[in-house]
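The values are calculated or read from the model by the stated rules, or taken from the named source; none is laboratory data. What you are looking at is a predicted structure, and each value in this text was computed from that prediction instead of being measured. Using ideal geometry, Cβ is built from the backbone for each residue, glycine included, and neighbour counts are taken over all protein chains shown. The accessibility values were calculated without ligands, DNA or RNA, using every heavy atom of the protein model including side chains. Shrake-Rupley method; radii C 1.70, N 1.55, O 1.52, S 1.80 Å.
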Amino acid sequence: MAEPRRKPNLVKTKVPMPAQDPQVRIKNFDEVALGYTPEQAVEEARRCLRCKEPRCVQGCPVNVKIPEFIMLIEEGKFLEAYYKILETNNLPAICGRVCPQENQCEKHCLRGEKGEPVAIGRLERFAADYAASCGEPRHEPTNPAPPKGKVAVVGSGPAGLTCAADLAKMGYQVTVFEAFHTPGGVLVYGIPEFRLPKRVVQREIDNLKKLGVEIQTNMVIGKILSVDELFSEGYDAIFIGTGAGLPQFLRIPGENLNGVFSANEFLTRINLMRAYRFPEYDTPIKIGRRVAVIGGGNVAMDAARCALRLGAAKVYIVYRRSEEEMPARREEIHHAREEGVEFKLLTNPVRILGDDNGWVKGLECVTMELGEPDASGRRRPVPKPGSEHCLEVETVIIAIGTTPNPLIANTTPGLELTKFGGIVVDEATGQTSRPGIFAGGDSVTGAATVILAMGAGKRAAKAIDAYLAARR
Ligand SMILES: Cc1cc2nc3c(=O)[nH]c(=O)nc-3n(C[C@H](O)[C@H](O)[C@H](O)COP(=O)(O)OP(=O)(O)OC[C@H]3O[C@@H](n4cnc5c(N)ncnc54)[C@H](O)[C@@H]3O)c2cc1C
Ligand code: SF4
């Protein structure tokens, strides 16, 4: 008998994602979005049109086989869907949670033309979480003996982890050197638990270890060993994925007062060192009753939402442009607002005010209006004369961006750099100005996204394989 013809689900909106109630979640660090049930995942998967030339795949920097994995979910073959994603993406539970899908795969989805695109990210997360709930996954070591060569990866963020995993799958012996005591990069020290639980990152890192990747923590390359010493130790090639962890400051008066944090320090203390579980963990963090977070990206949203959860009565986002120009993901802005964060848009801080004991007591700001577009393509904010005003706050968190840490550059002769300290590479291969040294992710581009870092790690792995094959 012929198979009945498939009828796609033509509902225009995504199946909603269950989430913790805002009033409950501002009192805990548990995950906000709760994930699809199998029934919800199948219903959403039925929205995919299985396009013959799927534009969603072209929008994905690691080319996940999107219609194929969605079809498997629709058929109830959840584990198979997970394996299909793994063919090109080693960190699906992470990407499913934090990738800016709205600017990548989902931006190109055909369903987005007349309604909401297919919820590709939510489905990716569902498949990965389902596999984990079954005690899966299948990650047999693929290393041949002897290995094809030895590669060192510096930094264990998404760029380094992806490069390491792909090289291990190709048959290389790979060691990842990480400066912190825990691998994962921004995934563990930056993005808070309520968006990306640490157990999810740990789970995906454990899967990489099953591929044979060795991870050495507390290894600051450039201090303990230099890049050139890694070569002397027998590594045939090196990938640098050290990210962009150096915070930028505003250079306004009062930045040295007590109660001013860089978002990096604030989030690292909370996420990696578990300050929110003091005294169980012995890293306290002092938070004022009122907090101003300066910036409009994901980092600013994360810092503001953490401050609320730590008990601040009032949290402001202070951003000098309008909401339209905010670089944060729409979902994060929406969640922050639902939780009660107040947005002070078109507002620029000019001075942090202190009390007699050197603690923050306020933030002096000016109101801005938007002028002509600047070099970034966004309309340039211009101060309105006479609009000075003051926000009464006890804590100021600065989240206006980061640049690459100069340690590797300062200790690796011959590495060409950009003006902002990024490593210069050939975009297609990640090859730096030094033979055998490759780089990718935020250490090249400056602060960007998880999936772009992963894409760079993948391209570099391929190029390292070609480079070493040519030398064999
Ligand atoms: C708070 C926050 C929220 C974010 N939210 C999102 C989001 O929602 N979605 C998204 O796509 N992106 C988000 N990003 C950006 C994203 O996390 C980064 O673009 C991405 O992690 C970059 O990956 P990477 O591997 O290049 O570097 P990183 O993740 O920074 O990893 C670099 C690693 O290298 C290590 N390292 C540095 N120097 C050395 C050294 N000398 N020796 C050894 N190890 C070293 C570091 O300790 C770190 O572990 C966010 C960033 C932050 C800070
Ligand atoms: S573009 Fe959208 S509808 Fe088409 S295959 Fe991709 S996810 Fe499915």
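Expressed as a whole percentage, what fraction of the accessible surface of the chain belongs to carbon and sulfur atoms when a 1.4 Å probe is rolled over the protein heavy atoms?
Details: 10950 of 21110 Å².
Answer for the chain: carbon and sulfur cover 52 percent of the accessible area.
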message: Just to make sure I understand: if all protein chains stay in place, what is the order of Met326, Met17, Met71 by accessible area at 1.4 Å, largest first?
response: Met71, Met17, Met326
task: Scan the chain and hand back the longest stretch that contains none of the chymotrypsin sites (Phe, Trp or Tyr not before Pro) lying in DSSP loops with at most 16 other Cβ atoms within 10 Å.
output: 1-248
message: Quick check: net charge around Glu388, other residues with Cβ under 15 Å of its Cβ, Lys/Arg +1 and Asp/Glu -1?
response: +1
query: Tally Lys/Arg at +1 and Asp/Glu at -1 over every other residue whose Cβ is under 11 Å from the Cβ of Ile398; what's the total?
result: -1
- line: The answer for the net charge of residues other than Arg329 whose Cβ lies under 12 angstrom from its Cβ, with Lys and Arg +1 and Asp and Glu -1, is -2
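Quick check on my link table: of Lys14/Lys77; Lys114/Lys344; Lys27/Lys107; Lys14/Lys107; Lys223/Lys286, which ones sit more than 23 Å apart, alpha carbon to alpha carbon? Mind dumping the intermediate values first?
On the way: Lys14/Lys77 21 Å; Lys114/Lys344 33 Å; Lys27/Lys107 33 Å; Lys14/Lys107 14 Å; Lys223/Lys286 31 Å.
Cα-Cα > 23 Å for Lys114/Lys344; Lys27/Lys107; Lys223/Lys286; rest within.
What fraction of the DSSP beta bridges in segment 299-382 is antiparallel, stated in percent and rounded to the nearest 5?
Working: 10 of 13 bridges.
If I count the DSSP bridges inside segment 299-382, around 75 percent turn out antiparallel.
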- prompt: So what's the gap between the Cα centers of segment 17-74 and segment 108-131, to the nearest angstrom?
  reply: 4 Å
- request: Mind checking the full-extension length gain between Leu407 and Asn218? Use 0.36 nm per residue of separation minus the Cα-Cα distance, one decimal, nm.
  value: 66.5 nm
- line: Charge dipole of the chain built from unit charges on the beta carbon (Lys, Arg +1; Asp, Glu -1), centred at mean Cα; most positive-end Cα among Ser262, Gly288, Ser322 is Ser322
- line: Result row for the chain, helices from DSSP H with C-alpha axial extent 27 Å or more and mean Kyte hydropathy at least -1.0, is 450-471
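Can you pull out the GluC sites (Glu not before Pro) in segment 42-137 that DSSP calls coil and that have at most 14 other Cβ atoms within 10 Å? Spell out each step's value before the answer.
On the way: sites: Glu43, Glu44, Glu68, Glu74, Glu75, Glu80, Glu87, Glu102, Glu106, Glu113, Glu124; in loops: Glu75, Glu87.
Passing sites in segment 42-137 are Glu75, Glu87.
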task: With a Förster radius of 56 Å, plug the Cβ-Cβ distance of Arg380 and Tyr83 into 1/(1 + (r/R0)^6) and report the FRET value to the nearest 0.05.
output: 0.70
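As a check on your grasp of the helix formula, calculate [θ] at 222 nm for the chain: sum -39500 (n - 2.57) over DSSP H runs of n ≥ 4, divide by the residue count, round to the nearest 500. Don't skip to the end; give the middle numbers.
Working: 18 runs with 156 residues, N = 472.
Result for the chain: -9000 deg cm²/dmol, rounded to the nearest 500.
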- prompt: Can you give the accessible area per residue of the chain, in Å², using a 1.4 Å probe?
  reply: 45 Å²
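Please label the shape of segment 282-432 as rounded, prolate or oblate, based on the square roots a ≥ b ≥ c of the eigenvalues of the alpha-carbon gyration tensor (a/c under 1.5 means rounded; beyond that, a/b larger than b/c means prolate, else oblate). Numbers along the way, then the final one.
Working: a/c = 1.81, a/b = 1.46, b/c = 1.24.
Prolate, because a/c is 1.5 or more and a/b exceeds b/c.
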task: For segment 238-315, run through the GluC sites (Glu not before Pro) and keep only the ones in DSSP coil with at most 12 other Cβ atoms within 10 Å of their Cβ.
output: Glu280
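What does the extension gain come out to for His334 and Leu246, with contour length at 0.36 nm per residue minus their alpha carbon separation?
Fully extending the segment from His334 to Leu246 adds 28.9 nm.
FRET efficiency for Arg277 and Leu34, Cβ-Cβ distance as r, R0 = 22 Å, nearest 0.05? Working shown, then result.
Details: r = 22 Å, r/R0 = 0.99.
E(calc), rounded to 0.05, equals 0.50.
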Computed FRET value (nearest 0.05) for Trp359 with Ser433, which takes r as the C-beta separation and R₀ as 51 Å: 0.65
message: Report the Cα centroid-to-centroid distance between segment 384-431 and segment 433-472 in angstrom, as an integer.
response: 20 Å
Approximate spin-label separation Lys27-Asn9, in nm, with each point projected 7 Å along Cα-to-Cβ: 3.3 nm
statement: If unit charges are put on Cβ atoms (+1 for Lys and Arg, -1 for Asp and Glu) and the dipole of the chain is taken about its Cα centre, the option from Phe78, Trp359, Leu167 lying farthest towards the positive end turns out to be Phe78
task: Note down the relative contact order for the chain as a percent, whole number, built from C-alpha pairs under 8 angstrom at least six residues apart.
output: 15 percent
query: Cα to Cα, under 13 Å, and not fewer than 8 places away if on the same chain: which aspartates and glutamates meet these conditions relative to Lys150?
result: Glu214, Glu233, Asp236, Asp465
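Count neighbours as other Cβ atoms within 10 Å of each site's Cβ, and list the trypsin sites (Lys or Arg not before Pro) in segment 240-305 that are DSSP loop with at most 12 such neighbours. Write down the numbers at each step before the final one.
Values: sites: Arg251, Arg269, Arg274, Arg277, Lys286, Arg289, Arg290, Arg305; in loops: Arg251, Arg274, Lys286, Arg289.
Answer in residue order: Arg251, Lys286, Arg289.
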field: Positive-end extreme of charge dipole, segment 22-134 - chosen from Cys99, Gly59, Ser133 (charges on Cβ)
entry: Gly59
